[in-house]
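Written out below as structure tokens is the structure these notes cover.
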Amino acid sequence: MELPTLQDLNLAVTLPSMGLALWACVVLAVGLFLPERRRHWNLVLSLGGIVALFLYNLTLFDLPADRQSAFLGMYRADNFTAFVNLIALVTAFFGVLMAYEYLKRTHIDRGEYYPLLLISTSGAMLMGASGDLAVLFVALELLSIPLYIMSGLRRPNAASEESALKYFLLGAFSSAFLVYGVALVYGAAGSTDLSEIFHRVNAGLILDQGLLLAGAGLMLVGLGFKVAAVPFHMWTPDVYQGAPTAVTGYMSVGAKLGGFAGLLRVFIVALPAVSGAGDATGWQDTIALIAALTMILGNVVAIAQRDVKRMLGYSSIAHAGYILMGAAAAGSPDVRDFAVSASLFYLLAYAFTNLGAFAVTVAIEKDDATNPQLDDFNGLSKTRPVLALAMALFMLSLTGIPPTAGVVGKFFLFQAAVNAGMVWLALIGVITSVVSAFYYLRIVVNMYLREGPGEAQAQRSFLGVAVGLAAVGTFVLGVAPVLFLDLAQRAVLVALGG
Amino acid sequence: MGLETFLFIIVGAVAVAAAAGMLFSKSGIHSALFLVLNLACVAVFYLMLSAPFMAMVQITVYAGAIMVLFLFVIMLLGSERIDLGLTDRRLGFQTPAAFALAVLFIVVVAAAVLTGQIPAPQPVNDVQATTHGGPGEVGAVLYTRYLLPFEMVAVLLLAATIGAVVLARDVIPTKRSQRAQMGRIRELRQMITTIETEAASAPGADGEGAEEEAAAPAPAAPAGE
Amino acid sequence: MEPAPLNISAYVVLSAILFAMGALGVLIRRNAILVFMSVELMLNAANLALIAFARFYNQMDGQILVFFVMTVAAAEVAVGLALIVVIFRTRRSINIDELSRLKD
């Protein structure tokens, strides 16, 4: 038996995700010995690790081909991975920053929060990097299990516990579907390596077409749960409403990022040729249909919501629909690369915008364990003009109005859909965006035109820094998208070798 | 009919019956025990499919450790409290719909598998029969090709351990909340003494009422600690 | 000469039956512990399919996947049962229909 050498493992390129998991252990160990007045070291250590890995990750774009594979092909270190890492680290940064004071305020100042968040982030990153179905599955759990725990952190608050149990049961249910899908795909293709599956499917070396289709469908169900795509979305509003707001904010981006990274990896690298009729791949129509349903349902039901977290929950379903539109467009071979980079860019734009919106929500949440309502925004422009301005920017970005990140991201996604010949899907996207203006702009109206106390709990602080940085990110991505677009366009997904 | 087919039919029937027993039995304990039986049957299949190591892991970890944990929690919560919910009126249309979906799923997979005309696997030769799926082979693959997921699973178990501790342990008061708690207790004590002195200074009908008032906050104080 | 081994599709169809029964349990039982046990049945069914395919290809990959599924199941059980105990302490019930506090 030949043991792999350190060179074969190529550990250096796996550092962003594996290093983050390792750093989580350090933060956990240090956190054990911190007295209460030194709790801020949790924050400092977590942020330090995230920033250092973020900078290191920037050097991992455009690696030479022989360094793009680590752990004997289990880990792919291509530009897609690097870009997913970038979004994940941004998400973790905001997740930590907006939690710090919130945790203190709500008396759940647990040192364990930070390592759990870091481990969950590393799971999201590994989903994007997976070169094998085994890694994909374990990474999905690595992403999810800390999220279940974090949702239930605010106990004995019944809403938080309920949301955790609901999330857990449906999450476990969905990962069972994923595992069975993995089993059937493995049975059909005889391998769990994504590139190997692609080559076998392409060469017609599979055991049975029906088995492969059933497996791909079950995997789509499992991943659809994670990204909250209709009809697997029912958990989303309840969990978003019950979980502590800072956790909801992190979850709304982190879980979606991991889910989409895994979805794109599996369906574009391993299964592009599943029963392809003509040029397009077999799953394109299915994903397009799911995308259309997700956009319509998310946006329409969000209108009726009064609870801010619940509304943002439905809004996150709607945005999953937009990104799925990109995934569907990626089913056409000649649009594939553009659609993948459009989806990645949108995920980055969504990360800045949605995390910003949640940071503001954290700021206006009252201490009495009630959820923030839409009316709590009334008159915010008088009392906290800067906060109100930032929130208005986030809402414009979520709607897709210039000069924000959201509009650029949506533009690329619609373009991808049109290029892939799915004009009807792009049309649904445009119409639902108009519908979404209805509920996003209601918050802006409440802040600027209505009278009210407009209280915000948090003073100038870490939360303010989070809101500010998110606003800058949203604005810069909207005005000068070139910077990140260039990076996103280099992220190309292909199967390796022959 | 070969021995394998014979065994498959018998053990398969027991496995399906056990799964049905788990689904429909009236007590949580019985359900858990039926699941243990089902897991044991599947372990027999593992042995027949030349995966002896996984069969043993199935028995020790799954049927052993995990299911004992389940039984433990069911008993901790009191099995008589486990309400069935099978007759819940809320389910209404959901139950037949779920049955229909389950049957549909079986039909689809069975059709996919059976129309594919999967050939029977090659009979294993003597060398394979002694090593295939043994602990040595499992370890060899686990620590070379599957090293990355192996390490990830280690982190996952750490996260789960943290989670179980964070969720299940009692809320430990921080120093600050302890101080607040102590302050509140001191206030209560003062209140009690003032009430007592008032009661002492005004003997008669008021005395009983004062005693009741003083007794009420007293049990609350230690509960908060 | 031994008879040829049993066709692998028999095992896969059996695993599909067990998986469907598990999914059925999740949908019709209202008790959190029983829902969770049904999920375990589903995972177990997937494991059976994996081992059967591993036997068919005479490979170890399927068996290793089973190893990971079992470990992940153990991690899920630790967290899930902790959650169930916690929620029982607060609510005195683990009927998932009573978890309806979260609504508009």
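The values are calculated or read from the model by the stated rules, or taken from the named source; none is laboratory data. Owing to the predicted nature of the structure, the values given are computational and were not obtained by experimental measurement. Don't worry about glycine lacking a Cβ; one is built from the backbone with ideal geometry, like all the others, and counts go over all protein chains shown. Side chains are part of the model used for accessible areas, which takes the heavy atoms of the whole protein and leaves out ligands, DNA and RNA. Shrake-Rupley method; radii C 1.70, N 1.55, O 1.52, S 1.80 Å.
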Kindly indicate which of C:Val35, C:Val26 is in contact with a Ser or Thr (Cβ under 6 Å, 6 or more places away or on another chain) and over 21 Å from A:Ala139 (Cα atoms).
-> C:Val26
Listed residues A:Ser381, A:Ser397; which is of a type in the set (Ser, Thr, Tyr), open to solvent by 10 Å² or more (accessible area, probe 1.4 Å), closer than 22 Å to A:Asp307 by Cβ and in a helix (DSSP H, G or I)?
-> A:Ser381
Take B:Val124 and decide whether it is facing chain C (nearest Cβ under 10 Å) and at pLDDT 70 or above.
-> no
In segment A:45-75, residue farthest from A:Arg490 (Cα to Cα) [restricted to those that are open to solvent by 50 Å² or more (accessible area, probe 1.4 Å) and of a type in the set (Ser, Thr, Tyr)] = A:Tyr56
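Conditions (1) of a type in the set (Ser, Thr, Tyr); (2) part of a helix (DSSP H, G or I), marked per residue:
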{"position": "A:Met18", "(1), (2)": "no, yes"}
{"position": "A:Gly31", "(1), (2)": "no, yes"}
{"position": "A:Leu34", "(1), (2)": "no, no"}
{"position": "A:Leu45", "(1), (2)": "no, yes"}
{"position": "A:Tyr56", "(1), (2)": "yes, yes"}
{"position": "A:Phe94", "(1), (2)": "no, yes"}
Filtered residues of segment A:188-201 (kept if within 12 Å of chain B (Cβ to nearest Cβ) and in contact with an Asp or Glu (Cβ under 8 Å, 6 or more places away or on another chain)) = A:Ala188, A:Ser191, A:Thr192, A:Asp193
Filter segment C:55-89 down to residues that are over 19 Å from the mean Cα position of the chain (by Cα) and over 23 Å from A:Gly171 (Cβ atoms), then give me how many there are.
-> 7
Inside segment A:139-159, the number of residues satisfying the requirement of being open to solvent by less than 10 Å² (accessible area, probe 1.4 Å) and either within 25 Å of C:Ala20 (Cβ to Cβ) or more than 11 Å from chain B (Cβ to nearest Cβ) (or both) is 3
Is there a residue in segment A:13-22 that is surrounded by fewer than 22 Cβ atoms within 10 Å (Cβ to Cβ), within 14 Å of chain B (Cβ to nearest Cβ) and over 30 Å from A:Ile197 (Cα atoms)?
-> yes
Considering only residues of segment A:169-183 that are surrounded by fewer than 24 Cβ atoms within 10 Å (Cβ to Cβ) and at the interface with another protein chain (Cβ under 7 Å from one of its Cβ atoms), which is farthest from A:Trp235 (Cα to Cα)?
-> A:Phe173
Of all the helices (runs of 4 or more DSSP H) wholly in segment A:192-275, which have at least 1 residues that are touching a Pro at 6+ places or on another chain (Cβ under 9 Å)?
-> A:194-202, A:209-227, A:245-264
Search segment A:291-313 for residues that are more than 10 Å from chain C (Cβ to nearest Cβ) and pair each with any residue that is assigned to a strand (DSSP E or B) and open to solvent by 50 Å² or more (accessible area, probe 1.4 Å) when their beta-carbon atoms are under 7 Å apart and the residues are at least 6 apart or on different chains.
-> A:Val308/A:Gln373
For segment C:43-66, how many residues meet the condition of being at the interface with chain B (Cβ under 7 Å from one of its Cβ atoms) and open to solvent by 10 Å² or more (accessible area, probe 1.4 Å)?
-> 4
Can you tell me which residue in segment A:202-224 is nearest to C:Ser9 (Cα to Cα), limited to those that are within 14 Å of chain B (Cβ to nearest Cβ), of a type in the set (Gly, Ala, Ser) and in contact with a helix residue (DSSP H, G or I) (Cβ under 6 Å, 6 or more places away or on another chain)?
-> A:Gly210
Only residues that are surrounded by fewer than 19 Cβ atoms within 10 Å (Cβ to Cβ), over 17 Å from the mean Cα position of the chain (by Cα) and of a type in the set (Val, Ile, Thr): list them for segment B:12-60, please.
-> B:Val14, B:Val16
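Okay, residues lined up against (1) modelled with pLDDT of 90 or more; (2) in contact with a strand residue (DSSP E or B) (Cβ under 6 Å, 6 or more places away or on another chain); (3) in a helix (DSSP H, G or I); (4) at the interface with chain C (Cβ under 8 Å from one of its Cβ atoms):
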{"residue": "B:Ser31", "(1), (2), (3), (4)": "yes, no, yes, yes"}
{"residue": "B:Ser50", "(1), (2), (3), (4)": "no, no, no, yes"}
{"residue": "B:Phe70", "(1), (2), (3), (4)": "yes, no, yes, yes"}
{"residue": "B:Leu76", "(1), (2), (3), (4)": "no, no, yes, yes"}
{"residue": "B:Leu84", "(1), (2), (3), (4)": "no, no, no, yes"}
Check A:Ala124, A:Ala159, A:Ala139, A:Ala164 and return the single one that is in contact with a Ser or Thr (Cβ under 8 Å, 6 or more places away or on another chain), more than 19 Å from A:Leu263 (Cβ to Cβ) and assigned to a helix (DSSP H, G or I).
-> A:Ala164
Yes/no for B:Phe150 being open to solvent by 30 Å² or more (accessible area, probe 1.4 Å), in a helix (DSSP H, G or I), facing another protein chain (nearest Cβ under 7 Å) and at pLDDT 80 or above = no
Please enumerate the residues belonging to segment A:76-90 that are assigned to a helix (DSSP H, G or I) and open to solvent by 10 Å² or more (accessible area, probe 1.4 Å).
-> A:Asn79, A:Val90
Determine whether A:Ala164 is hydrophobic (A, V, I, L, M, F, W, C) and within 13 Å of chain B (Cβ to nearest Cβ).
-> yes
